[in-house]
Amino acid sequence: MTELTEPTAGSSGLWHAALFYRSAAQFEDAVCRFAEAGARAGAAVLIACTKPAIARLRARLDGIGNQVTWADIAVMGVNPGRLICAIAAFASRHPGRPVWCVQQAAWPSRPEQELWEVLRHEALTNLALAGDPVRVLCPYHADLPAPVISCAETTHPVITGNGHWQHSPSYRDTGSPVPPECEQPLPPPPAGASVLPYRDDLGAVRRLVARHAGTAGLPPSRASDLVIAVSELTANTLVHTSRPGTMTVWTAGNGLTCQIHDTGHIEDPLAGLLRPGLAADRGGRGLWLVHQLCDLVQVRTGPDGTIIRVHMRIAR
């Protein structure tokens, strides 16, 4: 692999790297070097990681800690579909300056379905921020599943694990922005799930979601968020398709899941991931709102139709 130098403020376009680490010390050393280099270059620096890591990094970066914006990744990245929008929003608050960002969105205890959505986000970051003066460092612990590590190598043009930046030999710069590993069909709903076809009466959809949310013990504000999210998705069916859709809802573990299935095809891979302008159509605004409200959003779409699953944790 070709060894690279650390990114500089003068370099143009997106610089997107995966950091593979085995210990907290290795993680902190790499993040501190990255943040210090960004501060020296006059960049706006954002570090989004776990609360314990924030505390340790703040202490080590005491000299430049006030130049860093800190974010709890468990809040900012609870739904990986919010992360591109969060970086774009941070950049918009610092016009004319390069942006250096650390996002620790993958950790060993994170559920596997969420990890694959993190990797989808990583792949789409290359599309959404291409050409922007943004540097994104994404840490991956060695204890993560081997397929996750392998996919991270394919979604990051640059990797490091030994203190040296290198071109990733596995990086896929292809016409498809999302690797096939992230497009696998979702497992079918459980046998006991409630199923409701809909076409015109969205009131029945809202009532069913609200009833399941109450039975599952979802707090009222979160139940309202879920009803709004499902209303947006089912309204898209009415606007963008000519055939009925199907809503399925079920409770599993510590979460409530709603699935919307219709005959539409979302052709823009970034739909819902960047905040739409006022001129955007309803679908663009609605899907963006769904990502802001829900704890996880999974999208599978193609010419044969679209499945969108939204998840709400009953207790955070």
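The values are calculated or read from the model by the stated rules, or taken from the named source; none is laboratory data. In this text, all values refer to a predicted model and were calculated from it rather than measured experimentally. Using ideal geometry, Cβ is built from the backbone for each residue, glycine included, and neighbour counts are taken over all protein chains shown.
Listed values, structure above:
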read-out: Subset of region 53-76 that is assigned to a helix (DSSP H, G or I) and in contact with a strand residue (DSSP E or B) (Cβ under 8 Å, 6 or more places away or on another chain) - its residue that is modelled with the lowest pLDDT; value: Q67
read-out: Residues within region 32-64 that are of a type outside the set (A, V, I, L, M) and in contact with a Cys (Cβ under 8 Å, 6 or more places away or on another chain), tallied; value: 1
read-out: Some residue of region 93-111 being buried (at least 17 other Cβ atoms within 10 Å of the Cβ), in contact (Cβ under 8 Å) with a residue 40 or more places away in the chain, touching a strand residue (DSSP E or B) at 6+ places or on another chain (Cβ under 6 Å) and in a helix (DSSP H, G or I); value: no
read-out: Helices (runs of 4 or more DSSP H) contained in region 201-298 and holding at least 3 residues among the β-branched types (V, I, T); value: 202-216, 220-240
read-out: Residue check for V239: of a type outside the set (D, E), crowded, with 17+ Cβ neighbours inside 10 Å and not assigned by TED's automatic domain parsing to the domain that holds E112; value: no
read-out: Region 130-141 - residue that is within 15 Å of F90 (Cα to Cα) and modelled with pLDDT under 95 and, of those, surrounded by the fewest Cβ atoms within 10 Å (Cβ to Cβ); value: D132
read-out: Residue within region 62-70 that is surrounded by fewer than 19 Cβ atoms within 10 Å (Cβ to Cβ), small (G, A, S) and either within 16 Å of V134 (Cβ to Cβ) or not assigned by TED's automatic domain parsing to the domain that holds L137 (or both) present; value: no
read-out: Residues that are within 18 Å of T257 (Cβ to Cβ) and modelled with pLDDT under 95, drawn from region 192-213; value: G192
read-out: Criterion (assigned to a helix (DSSP H, G or I), basic (K, R) and touching a residue at least 12 places away in the same chain (Cβ under 8 Å)) met by exactly one of R120, R172; value: R120
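Results for (1) farther than 27 Å from L127 by Cβ; (2) of a type in the set (S, T, N, Q), shown as yes or no for each residue.
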| site | (1), (2) |
| --- | --- |
| E181 | no, no |
| L186 | no, no |
| A191 | yes, no |
| Y198 | yes, no |
| D201 | yes, no |
| A223 | yes, no |
| I228 | yes, no |
| T237 | no, yes |
